[in-house]
1. Can you tell me what percent of all Cα-Cα pairs in the range 635-707 are more than 18 Å apart?
2. Need one word for the range 549-666: rounded, prolate or oblate. Basis is the Cα gyration tensor (sqrt eigenvalues a ≥ b ≥ c); a/c below 1.5 gives rounded, then a/b vs b/c decides.
3. So what are the range 327-390's ellipsoid semi-axes, whole angstrom, largest first, if each one is the square root of 5 times an eigenvalue of the alpha-carbon gyration tensor?
4. Would you mind checking the pairs 682/732; 218/292; 189/292 and listing those with alpha carbons more than 28 angstrom apart?
5. Suppose we take every Cα in the range 473-539 and form the convex hull; what volume per residue is that in Å³?
6. Near residue 248, which aspartates and glutamates are there with a Cα under 12 Å away, not counting those fewer than 8 places off in the same chain?
7. Using per-residue counts of other Cβ atoms within 10 Å, averaged over each peptide, order 388-400, 726-738 from highest down.
8. Give 202/243; 345/590; 427/590; 243/427; 382/448 a once-over and call out the pairs whose C-alpha atoms are over 23 Å from each other.
Amino acid sequence: MRRERARKRLQTTRRHRLGVLKRRLRIEKRELRKRISGRPSRNATSISLPEIVLSGIGKVLKLALIIILVIGFATLGLGLGMLSAYIANATPLEVINIRYTNEPTEIVDRNGQQIAVLVGAQNIQREYIQISEVRSTYLEEAIKAIEDERFDTHIGIDPRRIGSAALSMLANGGTPTHGGSTITQQVVKMLSGQDEESAQRKIQEWYRAQELERRLSKDEIMELYINIIPMANNYVGVQAAAKAYFDKDASRLDLAECAFLAGIPNLPSIYNPLTEYGRRNALRRMRITLLKMRELGYVSEEEYQDALDRELVFRQVEPTIAVNQINSYFVDAAINAVIDDLMTKRGYSQQLALQAVYQQGLRIELTVDPDIQAAAEATFRKRELFATNEAALPDIPEPPQASITIISNEPATRGQVVGMVGGFGRKTGNFVLNRATQTFRQPGSAIKPLLVYAPAINSGAITAATIIPDRVRYLDAQNPTTPYPLNVTRTYEGNMTVRHALAYSVNTVAAEVYANILSPQIGLSYLRELGIDRMEETQVAASLGGFGYGMSTFEIAGAYTALANGGLYTKPYLYTRVIDMDGNVLLENKPAFRQVFSAETAFIVTDILRDASENVFWFVHSRLTDQMSAGKTGTTNDIIDSWYAGYTPFYTAAVWYGYDNRDGRRTEILEADRYNSQLIWKDAMEQIHADLPNRAFEKPETVVGAHVCSTTGNLAGPYCPSVLTEWFDTTKSNMPSVTCTYHRAPAPAPTRAPLPEVVPEPLPEPVVPDPAPGG
């Protein structure tokens, strides 16, 4: 026992000594390394040239590798940052309920009275069908085979299909044999309406496709797909296509017909069954689809051969659209506005917006006043307002035309369009040309208050009493030696006030104010605030209405409402709400007002236009009988367009009159018809105001009147021969404060010394001759 313990102590002692020895050796090695570290002590000349070259190349390669890694990491970081930004900016996908419904869309006026009903017969190009109704056919299998064979298993995107499409593109000179989009991606594209070619759009599409897969089942995604895919010739969805091309319900399609329809959405114009070329292409694609179905095991060899041998029977007569109701121009414009807003505000594609409007049982509440609409339509059926002498009309196939837009100025309904007519006579169809919203013509001098005078007065550049000479000017930068612009009279009046220049529409003064006192950029910025964006058209001709892109009565009437409403502007709107079947508000128009002009500016300009309406001789055609109004005429070069934009405290209306000139002509308005825009405006507005009181325009307390000299524009002195009373904005510093010194008291007559009195000398006495001798 003692020997065993002794042996263990000996082993322990040996291990301890061995450990101490090892530690000493490690210490000595470290000391040795410290003493020999540093550059080699041998002579540099002993290094060979190849070693130097290889060493340099190695260093260069190391540096290049470092640079590549840095760029790679930076690029990767940038790419990840862009990817994150694209995904963060992706708007949520609006998945609407497009289930089939027999409920029509109801359109009501401002009083809640029904004025139109939209039913399926008016929209035969699209018809909803549930996925369960086509489950007994081969439609799903055909679509999956040709469009997305891994539809049942992927997560919304298919990396294998994307890679295959990329390789196919490389192998075929940039033209892939198939796309990389899955059915889910195609649904996303059709729901969002976004199809531009960009990396951002594609990345957002991938993200949305995966989101859609998480929200909906495969059956729900397929049901969306078969109801929103384009099927050529404006048909949307397989149900509409089955009836249009095979005259049968989609639930009764056989294998060959399913394969035929499944191939159309890829390129509807190329696979159009209604053209000989398109039908041949569609039949070839049908055979490709059938082959793919056999390869995937969807059909047997026997079914495949039978389908190949099957001769398709196409519908011989195209379906007709049965429309019994002709809607007003107002209703047409409102439907288009709802469709546009569903796309821009709710993210619908155009196809889905159309389907929602016609098949979802919506309730669309319009702003139209039925009495005002009826009055306007009655005006547009009066032939005498459109042609004073029909026999004198030009020998062309189109008659003169016109349009009107009427907007409420009442506080509770301000900005609401209450009446609209887009053409002469009775309307003969739905969605014909609506000249109130779809025709854009140069506005002529009707633009002057909006673009030139109101902005210049509002900015303090001028007052209504500012004196500006009407004289020859050279404001055409392209022709600096040619007088421009010319007045209608081709004469010049000399010094005149701004009030006179606007009331009598003097071109030289308007152009001078626009080009040299205000500046085009400022004027155009005001016009943009009034809902008319023409910021690129900085030419001086714009001050006279010479725009490259014209304007509609809808735009002009909307802009003039700012003058009628104390400088406040809101975008005109045609409907208040759109409500779905479940009572949810899909869209709602709530006016957003902005103060474009001050109330003082709006009143001063209105007073000038009122003055013109009451006193300038050519405004007699628009002068209302028992209602104060203000307005401005507009005529374009060669008398191609005639405008009148005017307003009362109750309503604003703009009228355009002229010819459509669709054949490229520039048909001149007959001399006898040049005031027809005013006559149309007056006829409609007289009816509208028949039972309304004669209300004056409200003057702000900060607007005061002053007597000014018509020659100098200064405060009138006691000796000014011509004195005007003018309104001024006291919130601005440009109100005249100096009395006219140009006109002075007449000098007294000079005193003269009296002329000396002249006394005439007396005449001599007459000489009387002696009497003749002899008696």
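The values are calculated or read from the model by the stated rules, or taken from the named source; none is laboratory data. Keep in mind the model is a prediction, meaning the values are calculated, not measured. Neighbour counts run over all protein chains shown; Cβ positions are idealised from the backbone, glycine included. Heads up: the accessible areas ignore ligands, DNA and RNA and are worked out on the full protein's heavy atoms, side chains in. Shrake-Rupley method; radii C 1.70, N 1.55, O 1.52, S 1.80 Å.
1. Percent of Cα pairs beyond 18 Å in the range 635-707: 56.
2. In terms of gyration-tensor shape, oblate.
3. 33, 13, 9
4. Beyond 28 Å between Cα atoms: 682/732.
5. 105 Å³
6. 257
7. The peptides rank, most packed first, as 726-738, 388-400.
8. In this structure, 202/243; 427/590; 243/427; 382/448 exceed 23 Å between Cα atoms.
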